[in-house]
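What follows is a single structure, written as structure tokens, with notes after it.
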Amino acid sequence: MKHYRTQKEAPLTETDAKHGFWTMMDQSTGCGSKVWSAIGYNADTEYHFGDVHDDMEVFLVLEGSGWATIGQEEFHIEKDMCFVAPAGVRHGTRAESADRPLRLYWFHAPQQD
């Protein structure tokens with residue numbers, strides 16, 4: 001089993017014209033069944049959807065700037081910023097400019113308390 005993957009090797013999932021992601025790490029690279037990561041892009045200046053997961057999701061902004069919501073809190077995000085959405089809490093992101101899409105690295109992992 002190969003425990004690494006480049007973005008060029010990763011499968012691209014395009015959810016629509018403004019959103020997509022490359023699955024980087026998952027069970028096929030040795031992660032546990034509830035742990036996976038991706039690099040995604042978001043060119044939408046409106047919140048596309050508010051996700052809720054039964055696991056936590058950690059984000060690192062690789063490029064661009066914009067806004068994020070976690071529950072009722074909205075805050076500005078920019079390159080090199082990291083934030084977490086706890087399990088069961090609605091969250092989403094939007095780009096500040098469609099010309100400069102957000103590029104995010106994220107990973108899902110079971111919530112441990």
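Side notes on the structure shown:
- Taking the listed residues T69, T29, T6, T13, the one that is β-branched (V, I, T), over 21 Å from Q111 (Cβ atoms) and in contact with a Gly (Cβ under 8 Å, 6 or more places away or on another chain) is T13, with no other qualifying.
- Residue list for the stretch 14-33, restricted to those being within 22 Å of Y4 (Cα to Cα), among the hydroxyl-bearing types (S, T, Y) and under 14 Å from the mean Cα position of the chain (by Cα): T23
- Note on the stretch 6-70: enclosed strands (runs of 3 or more DSSP E) holding 1 or more residues that are aromatic (F, W, Y) and open to solvent by 60 Å² or more (accessible area, probe 1.4 Å) are 36-42, 65-70.
- Contact annotation: residue pairs with Cβ atoms under 8 Å, 6 or more positions apart or on different chains, pairing a residue in the stretch 70-94 that is more than 16 Å from D44 (Cβ to Cβ) and acidic (D, E) with a partner that is open to solvent by 50 Å² or more (accessible area, probe 1.4 Å) and modelled with pLDDT of 95 or more, are D80/L60.
- Members of the stretch 76-113 that are part of a strand (DSSP E or B), of a type in the set (V, I, T) and surrounded by 18 or more Cβ atoms within 10 Å (Cβ to Cβ): I77, T93
The values are calculated or read from the model by the stated rules, or taken from the named source; none is laboratory data. Since the structure is predicted, the reported quantities are computational estimates derived from the model, not experimental observations. No Cβ is skipped: glycine too gets one built from the backbone with ideal geometry, and neighbour counts run over all protein chains shown. Surface areas here come from the heavy atoms of the whole protein model, side chains and all, with no ligands, DNA or RNA. Shrake-Rupley method; radii C 1.70, N 1.55, O 1.52, S 1.80 Å.
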